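Shown next, in structure tokens, is the structure this report addresses.
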Amino acid sequence: MESRFYLNRRRFLAATGVIGAGMAVLGTPTLWAQDDAEERRPERPRTNIDSVKDIPRTRWSIPGAYPGKVVKVHNPKALVEDTFNADVISGMFTHGMEALTGKSLAESFELFIEPDDIVGIKVNPVGAGLISTRLELVDAVVDWLEKGGLPRKNIVIWDRFNSMLQEAGFTTERYPGIRIVGLQEMFMPERGEDAEKLFLNKKGEHKSIVNFNKDVYYWADVEAPTDAQYLNQHVANGKESYFGKLVTNELTKIINLPVFKNTGNGISVATKNLGYAAICNTGRLHRPLFFDVCTEVVAFPAIRDKVVLNVTDGLRGQYDGGPGPNSQFVYDYNTMYFATDPFASDMVCHNAIVEKRKQMKVDVNEHPRFTDYLRYGERLGLGIADVEKISLVEA
Amino acid sequence: MVKQFQPWIRRTLLITFLVIVVVGAVGGQAHFEPPASGFVSGWEKSEDMLTFVGHDLYAHINGGAELYHEFGFDRLFVQRYQKAGEELSLEVYMMSSPRSALGLYLMKAGEEEPLAGIPQRNTGGPSQITAVKGNAFIKVNNFTFADSLLPTMVSLANAALDRIPQEQPVELLDRLPKDGFQSGTVRLIRGPYALAPIVTLGQGDVLQMAGRIWGVLGRYTDQYDSTFTHIEVYYPDPERAGAAFNHLMQNLDEYLTIVDKEPRSFTYSDWQDRFGHVTVQDSVMLLNVNMFKQDSRIAGDTEATGVADSTESD
């Protein structure tokens, strides 16, 4: 059965008479294999992607002003003997932005930001201090925004978990005047304490549910566990994964600062930093829809029309054992990737991590399923995933 | 630098649910007494030991607990130590059997670099030590990269390992053919999560291992001097091996195409024009995957012993 979510190239060509005319696009063996695979792909759970994918786009929608363009900036002085050099990192940010836009850093501001914008800087605080988004990079972004004229009160540093933000150093003390927002809390009972009493409100809902917009949700035909532990961690346990109100109601622009790390045979970088952070109730989605979530959640206008810039923090990288922190596989990479197109950026980062894994003699499975979600994003018009069409600029 | 990590160490452990459930021991070791304060002068326990039982592990390892459960995870004990602002953490994963512990260790160790001074099988460096003994897989974590703590980490690892009973050696590793085997590549598997880093043969538990059937794999050099992976899965009887073989053939991954088929074997090609060959012999399924040539093989024929693994699970 053909999944409605996947364009079948062979049938499309047949319908247009191209194959019949003997002018089939021959493509490459990999492309033909993907066509065959799509015909044989098992049915996956239904989602509500169809309800949003045709919503008209805006001038700010991804893939943005530079579809398929990824700028790589490397400076071995950024991280030396476990010490991060803020000036070097700031310089890398400047260099990357100039290479991406062809304009000076100051001139680039108006390409992305408008005077009244509320800008959310999406960091990754997991593995605080080891593999989390570096504060020095966030500092460089904040400095750019301020010098462009954006007041600090219009800047929000955000993630899904408030406590993780605090642990990673994203505090109001460190960033006075800037809001630090986690969409949810996860409550920790002391020995013998009843966890439900900590996280449930009088209605029997998670206390953090007030931070989520019940009118905007990613629906998937996947049941969620009903136990207290799951609810505490995921806020809701129905078939709806609600978007955070911060994302739907407050932010007008998002600057995405993911980190450079693997998750199994795939990666947890730009699209995952958005897809799994903007919504609650994600645990149920891992097994049946893992990477597709990274694409479909990003397709919602609350994300699609606001993510204007992706800067991947590869000052340190983690090539195995991810997505959680695993110091054994962390290394100094001293690299950042810049893109308006998160799908192109992720394809570049995926290939870079695979090469690192091979270099380190880690088992590598390059099955297409670990990048199918990126090609899916291209089919939805969200970005470029075809490596033949990606322009990687080493600046 | 250390202070920067202290909040993470503390909160990473505290952010999870603390569920201390004392249950009857099922496999595994129900209780573990961590090394006492002073295992090295000046090092003290910084708080009570945390225990994660069964599915509570998801709170500690959100993105990766499935592998541990597939291998037979029972419970995790986590103890932190500190001295003069520095911190180490000890994680002791009690598994259902020595085979389970070794299987997990081999998945996590990567290319082993054993540390002198630890008699048990181990690998590590200044940031982390992993080791295995009996039913236990242990980690000693240092969240800085400071070399100076390595001797203390070794002492902590040894102090923990001394508290774990020694068990019989795991024999499953010896079943692989010797000729052409690439040293250091052996892995144990018990389901799709352990197999995932090697090859994707289909959706879910396509080999029907159910977290109970054991297999072993390793990389080999073929007659063309190329590398492929050889896998042996040991079913309890020929009927289940045959059923798994049929299930695999009928549910083969969408990116694999059967190019040759016999009653008890088939060959497939993949999206990169590499090949795989699957055969069932008595109660054993033999697979050669990621082959560059269709006729890649180990030097000499591989003959399954036909001896089923006497226990499906541990």
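FYI, it's all coordinate maths here, none of it is from the lab. It should be emphasised that the depicted structure is a prediction, and the values quoted were computed from it without experimental measurement. We place every Cβ from the backbone using ideal geometry, glycine too, and count neighbours over all the protein chains shown.
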>> If I build a Gaussian network model for chain A, linking alpha-carbon pairs within less than 10 angstrom, which residue out of A:Leu257, A:Leu274, A:Leu100 has the largest mean-square fluctuation?
In response: A:Leu100
> Once you wrap a convex hull around the alpha carbon atoms of the stretch A:251-357, what is its projected area averaged over all directions, in nm²?
Replying inline: 6.5
>> What is the sum of charges, Lys and Arg at +1 and Asp and Glu at -1, for the other residues whose Cβ falls under 10 Å from the Cβ of A:Asp320?
In response: +3
> With r defined as the distance between the Cβ atoms of B:Gln294 and B:Arg175 and R0 fixed at 25 Å, what FRET efficiency is calculated, to the nearest 0.05?
Replying inline: 0.50
> Classify the stretch A:82-177: rounded, prolate or oblate, from the alpha-carbon gyration tensor (a ≥ b ≥ c, eigenvalue square roots; a/c under 1.5 rounded; otherwise prolate if a/b is larger than b/c)?
Replying inline: oblate
>> As a test of the formula, what do you get for the protein assembly as shown when each DSSP H run with n ≥ 4 contributes -39,500 (n - 2.57) and the sum is divided by the residue count, at 222 nm and rounded to the nearest 500 deg cm²/dmol?
In response: -7500 deg cm²/dmol
> Calculated FRET efficiency, B:Tyr224 and B:Arg163, Cβ-Cβ r, R0 60 Å, to nearest 0.05?
Replying inline: 0.75
> Tell me, in nm to one decimal, what length is gained between A:Lys147 and A:Lys103 on full extension, where the rule is 0.36 nm per residue of separation less the Cα-Cα distance?
Replying inline: 14.3 nm
> Could you put A:His367, B:His230 in order, starting from the residue whose Cβ has the fewest other Cβ atoms within 10 Å?
Replying inline: A:His367, B:His230
> Given labels modelled 7 Å from the Cα in the Cβ direction, how far is it in nm from A:Ser51 to B:Ser265?
Replying inline: 5.3
>> At 0.36 nm per residue, and after removing the present C-alpha to C-alpha distance, how many nm does the segment from A:Ala395 to A:Asp139 gain when stretched out fully?
In response: 90.0 nm
>> For a test of the definition: using alpha carbon positions, the gyration tensor, and the 1.5 limit on a/c, classify the stretch B:171-291 as rounded, prolate or oblate.
In response: rounded
> What ranking of B:Arg190, B:Arg274, B:Arg121 emerges when the number of other C-beta atoms within 10 Å of each C-beta is taken as an exposure proxy, fewest first?
Replying inline: B:Arg121, B:Arg274, B:Arg190
> Put a dot 7 Å past each Cα toward the Cβ at A:Lys361 and B:Ala146; how far apart are the dots in nm?
Replying inline: 3.1
> When a footprinting reagent is the concern and you count Cβ atoms within 10 Å, what order do A:Thr312, A:Thr335 take, fewest first?
Replying inline: A:Thr335, A:Thr312
> Within 10 Å of each Cβ of A:362-370, how many other protein chain Cβ atoms are there on average?
Replying inline: 6
>> Counting only other residues whose beta carbon sits under 13 Å from that of B:Ala30, what net charge do I get with K and R as +1, D and E as -1?
In response: -1
> Antiparallel DSSP bridges in chain A: what percent, to the nearest 5?
Replying inline: 50
>> Just to verify a number: FRET efficiency for A:Asn351 and A:Arg287, C-beta to C-beta distance, R0 = 25 Å, to 0.05?
In response: 0.45
>> Within 10 Å of each Cβ in B:266-273, how many Cβ atoms from other chains are there, averaged over the peptide?
In response: 3
